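The values are calculated or read from the model by the stated rules, or taken from the named source; none is laboratory data. Computed from a predicted model, the values in this text were never measured in an experiment. Backbone-built Cβ (ideal geometry, glycine too); neighbour counts: all protein chains shown. All accessible areas refer to the heavy atoms of the entire protein, side chains included, with ligands and DNA or RNA removed. Shrake-Rupley method; radii C 1.70, N 1.55, O 1.52, S 1.80 Å.
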Amino acid sequence: MRTLDTPDAALEAFAREIGPRDPVTPRGGRTQWDVGGAPDPRAREVSAPSGIVSYEPADMTVRVRAGTTVAELDAVLAEQRQMVPFDAFEPARATVGGVLAVGRSGVRRLRYGPIRDSVLELRFVSADGLTVKAGGPTVKNVSGFDLCKLLVGSLGTLGIIAQTVLRVQPRPPAGKWLVGEADPFETRRRLLRPSSILWDGTTVWVLLEGHPADVQAEAASLGPEFRDGEGPPALPTAGRRSIRPSQLRDLTGSFVAEIGVGVVHTTDLVPPRGIDSVTMALQRGIKTRFDPTGRLNPGRSPEGLS
Amino acid sequence: MTIDSVVRELRGALHASRVRDGALELSLYARDASVIEGKAAAVCFPVSTEEVQAAVRIAVAHGRAVVPRGSGTGLSGGAVPRGSDGLDPVVIVTTKMDRILEVNAEERVAWVEPGVLNLDLTNAISHLGLHFAPDPSSQSACTVGGNVANNAGGPHCLAYGVTSAHVLAVEVVLPNGETALLGGLDPEPPGYDLRGLFVGSEGCMGIATRIAVRLTPSAPAIKTLLADFTSLDDAARTVGDVIAAGVIPAAMEMMDARFVEVIERSLHVGFPPDAAAMLLVETDGLAAGTEAAASAIRSIAEANGARSVRVAADAEERALLWKGRKSAFGAIALIAPNYYLHDTVVPRTRLAEVLRRINDIADAHQLALLNVFHAGDGNLHPLLLFDKRVAGTMERVLDAGKQIIRVCVDAGGVLSGEHGIGLEKTEFMPWIFSGSDLDAQARARCAFDPEHRFNPHKVLPAGSQCGDLRSIPRGAWT
């Protein structure tokens with residue numbers, strides 16, 4: 001294994017394709033294409049290369065090019081009973097780079113944490129057309145500033161993700177969705193590490209994963225209000241809100257909420273929130289320094305920055 | 001401007017007793033837990049965000065750099081005061097901001113001030129069945145603010161993740177004296193993840209004055225196993241095989257023969273005195289999964305030649321085993337007056353090979369070596385033992401350290417797993433990062449601190465300055 005630049009001709013070719021000058025907009029599987037606004041029509045579409053570069057099941061890390069679909073990666077990891085909890089809406093189309101650029105975690109965030117915490121290393125193409133490495137390939141690393149966190153969720157406006165090293169997890173040996181009508185907050189209190197608890201105001205869906213006997217025991221502990229069921233429910237895709245988990249109990253209308261997390265999937269559009277002026281100056285400072293001419297995905301921006 | 005006027009202004013803004021410039025205090029705060037020394041102009045102990053703001057504004061107005069500091073347990077020189085432009089810096093110590101402001105058991109979140117000690121936080125919430133997951137060995141002395149600055153780890157980060165995964169929001173005093181709230185208590189705060197950038201930025205981007213931490217439910221079932229081996233290779237192979245079997249223990253620590261000897265002489269934990277290597281493995285969760293993981297770990301250890309596998313019978317025995325693991329550094333004084341602790345990470349599959357090479361390096365430098373580390377993460381902590389009064393020893397220690405880092409990098413590893421870069425490892429950053437990689441990091445830092453007022457000379461090697469922004473060309477895409 002080389003350290004400074006594990007050679008990957010596809011990555012270098014992608015950097016050359018992006019070049020240093022004209023406006024570009026990265027395209028993955030277009031499954032979350034509307035997030036962050038429409039790209040400027042004059043921007044040239046570019047797509048990251050695909051393919052798994054290296055996979056060490058015993059290290060529980062995988063190096064993958066950003067254009068690889070979530071389904072393809074998942075299939076390779078599944079052979080070793082491993083996974084990355086992307087839980088993308090359309091895994092056959094969604095790409096690894098696209099999911100990271102948008103930065104939205106899947107419905108099992110309650111147990112596995114946000115998707116940004118699965119990212120160990122990112123290689124991106126900068127506004128200058130250079131490949132830049134952030135982070136490193138090991139499961140633990142505090143060498144330098146954590147630019148991976150900046151890039152995840154940046155919608156390609158700070159750099160265009162070309163390759164990543166992800167932390168993989170063991171695939172749980174058993175999993176079961178339960179459905180019932182109960183207080184979702186009380187349901188959470190009774191469970192140690194549920195993978196997901198979803199609530200639409202009436203019905204609660206619970207995903208338990210782990211050792212089969214633990215899954216059975218925890219399912220039984222939920223009582224007769226719950227029965228084995230199908231999950232997750234269809235999630236509304238029109239809007240997505242982010243609120244404190246304790247505020248979920250005040251929700252009204254048509255929604256599916258992630259209990260313990262605070263993500264709410266709604267049928268209504270959700271207006272973007274603002275950012276206070278001091279933090280905004282920092283946010284803009286980051287953008288200006290990473291993309292002085294504004295050529296990276298013009299027209300799009302993370303919530304609050306347009 | 002003389003330092004007297006800076007001190008006078010600081011005393012006007014804070015209480016006079018909390019701004020110190022006596023020789024004794026300055027010498028106390030010239031160092032952290034590393035072997036590196038610096039020089040402070042003044043040391044202040046603010047008790048509120050407003051006082052931190054005032055101290056920052058005064059220092060910066062007088063052209064002084066600011067060096068944030070918690071308990072000073074850092075091992076890479078991150079809190080060692082180094083000034084700029086020939087002026088010694090002002091050290092801002094957060095240890096008097098030590099209140100737990102709010103605990104929300106339902107949301108499993110607490111707001112704390114940066115000077116709260118890591119273990120004090122866990123002790124304050126344990127009656128709720130919750131704990132703060134990052135648990136560095138220094139947890140009874142280190143502050144949560146220091147944990148944030150270093151993105152601290154600890155044995156149980158193997159399963160629970162490092163500090164970054166446990167920080168939801170940070171109130172930060174910036175180099176311009178303003179405060180910003182980074183992150184939030186909701187899962188997807190707007191904008192770029194500045195919280196994620198700030199955690200682990202080693203005091204180069206501001207001072208955290210309030211921190212929202214995630215609290216973790218404590219598991220009902222815990223198994224702690226101690227396996228002893230007649231060879232280091234067998235223990236290292238066991239680590240790889242456990243991970244490869246899909247078992248992620250809560251913690252998996254390795255201790256070598258010299259460590260076992262030292263601990264037994266001081267603590268009498270009951271470690272087999274002739275063991276070549278020991279693994280301390282903990283698994284937790286629900287009953288069946290914990291039992292299954294423990295039995296898998298036992299079989300794998302035995303298949304790799306473990307002589308015995310001891311399972312802690314109760315909480316008391318578990319605490320004793322962990323005390324043995326975490327008391328390493330005090331006990332070392334029994335066998336050597338000085339030690340130099342390194343911190344690197346290698347892919348877990350390369351552990352056995354890298355450990356052998358590190359042993360060879362220590363031998364070649366005629367230095368005694370002790371290993372006690374987070375094996376499950378591949379996070380090595382080779383400790384070089386020496387007596388610095390012997391002429392020429394320090395040079396051998398530093399050269400051996402450099403070679404150890406090189407071996408780890410060549411094996412696909414990184415410079416630091418949890419101690420940070422600080423002053424100690426800036427010169428090695430080009431071993432793992434190219435010029436454009438370092439330039440990107442410098443740009444991120446410059447968005448917070450364009451004039452390098454906060455903790456100058458740390459993390460990035462010399463030359464990684466904020467370049468003047470090019471003027472934006474006409475017709476730019478903005």
Once the Cβ-Cβ distance between B:L24 and B:I248 is put in as r, and R0 is 51 Å, what FRET efficiency do you end up with, to the nearest 0.05?
0.60
Note, ³J(HN,Hα) from phi for segment B:358-372, Karplus 6.51, -1.76, 1.60, rounded to Hz, x at Gly and Pro:
5, 4, 4, 5, 4, 4, 4, 9, 6, 10, 6, 10, 9, 10, 8
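When the accessible area of segment B:336-421 is computed with all protein chains present and a 1.4 Å probe, what percentage of it is carbon and sulfur? If you can, show how the numbers build up before the last one.
Numbers: 1330 of 2760 Å².
Reported share for carbon and sulfur atoms: 48 percent.
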Gyration tensor (Cα only) of segment B:223-271 to equivalent ellipsoid, semi-axes in Å sorted down, yields 23, 13, 7
Relative to the longest principal axis of the C-alpha atoms of chain B, give the angle of the C-alpha long axis of helix B:49-61, reported between 0 and 90° and rounded to the nearest 10°.
60 degrees
With the Cα gyration tensor of segment B:93-217 in hand, convert its eigenvalues to equivalent ellipsoid semi-axes via √(5λ) and list them largest first in whole Å.
21, 16, 14
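Hand me the trypsin sites (Lys or Arg not before Pro) from segment B:349-387 located in a DSSP loop with no more than 11 other Cβ atoms within 10 Å, in residue order please. It would help to have the intermediate numbers written out before the result.
Numbers: sites: B:R350, B:R356, B:R357; in loops: none.
Answer in residue order: no site qualifies.
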Inter-label distance, nm, simple model (7 Å from Cα along the C-beta direction), B:A141/B:S327
1.5 nm
Looking only at trypsin sites (Lys or Arg not before Pro) in DSSP loops with at most 15 other Cβ atoms within 10 Å, what is the longest site-free stretch of chain A?
A:94-272
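When only DSSP loop residues count, what GluC sites (Glu not before Pro) in segment A:28-92 have their Cβ near at most 13 other Cβ atoms within 10 Å?
Numbers: sites: A:E45, A:E72, A:E79; in loops: A:E79.
Within segment A:28-92, the qualifying GluC sites (Glu not before Pro) (loop, at most 13 other Cβ atoms within 10 Å) are A:E79.
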Find the centroid of the Cα atoms in segment B:86-136 and in segment A:183-254, then give the distance between the two in whole Å.
31 Å
Folded to 0 to 90 degrees: helix B:435-448 orientation relative to chain B principal axis, Cα:
60 degrees
Across 10 Å bins from 0, what is the distribution of all Cα-Cα pair distances for the protein assembly as shown, in whole percents?
3, 14, 24, 27, 21, 10, 2, 0
Rh_Kirkwood(segment A:174-266) over Cα pairs, Å, one decimal, evaluates to 13.3 Å
Could you give the C-alpha radius of gyration of segment B:174-216 expressed as a fraction of 2.2 N^0.38 Å, taking N as the number of residues it contains?
1.20
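Just the projected area, averaged over all directions, of the convex hull on the alpha carbon atoms of segment B:1-123: how many nm²?
Numbers: hull surface 33.6 nm².
The Cα convex hull of segment B:1-123, projected and averaged over all directions, gives 8.4 nm².
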Taking alpha-carbon centroids only, segment A:11-66 lies from segment B:255-285 a number of Å equal to 48 Å
Farthest positive-ward along the protein assembly as shown dipole, Cα basis, beta-carbon charges - from B:T230, B:S308, B:Q403
B:Q403
Taking chain A as a Gaussian network, Cα atoms linked when under 10 Å apart, which of A:V96, A:V70, A:V142 shows the biggest mean-square fluctuation?
A:V142
Amide H of A:A88: which non-local residues (sequence gap of 5 or more, or other chain) have their own amide H closer than 5 Å, using H built in the peptide plane?
none
Once every DSSP H run of n ≥ 4 in chain B is given -39500 (n - 2.57) and the sum is divided by its residues, what mean residue ellipticity at 222 nm do you get, rounded to the nearest 500 deg cm²/dmol?
-10000 deg cm²/dmol
Karplus ³J(HN,Hα) for segment B:146-154 (6.51 cos²θ - 1.76 cosθ + 1.60, θ = phi - 60°; Hz, whole; x = Gly/Pro) runs x, 4, 5, 4, 9, 6, 5, x, x
Calculated from backbone phi, Karplus (6.51, -1.76, 1.60) coupling profile of segment A:100-113 in Hz, x at Gly/Pro
5, 5, 6, x, 8, 7, x, 6, 9, 4, 3, 8, 8, x
For B:K388, give me every one of the lysines with a C-alpha distance below 30 angstrom, ignoring sequence neighbours fewer than eight places off in its own chain.
B:K39, B:K323, B:K326, B:K402, B:K425, B:K458
Give me the tail of P(r) for chain B as a percent: Cα-Cα pairs with distance above 38 Å.
27 percent
Nearest 10 degrees is fine. How inclined is helix B:232-244 to the longest principal axis of chain B, computing both from alpha carbons?
80 degrees
In chain A, if every C-alpha pair distance is counted and binned at 20 Å from zero, what percent goes to each bin?
32, 56, 13, 0
Chain A, helix-only ellipticity at 222 nm - DSSP H runs n ≥ 4, -39,500 (n - 2.57), divided by all residues, nearest 500
-6000 deg cm²/dmol
Dividing the Cα convex hull volume of segment B:25-77 by residue count, how many Å³ per residue is that?
81 Å³
Could you pull out every one of the aspartates and glutamates with an alpha carbon less than 17 Å from that of A:K140, ignoring same-chain neighbours closer than 8 positions?
A:E56, A:D59, A:D117, A:E121, B:D135, B:E202, B:E253, B:D343, B:D377, B:D410, B:E418
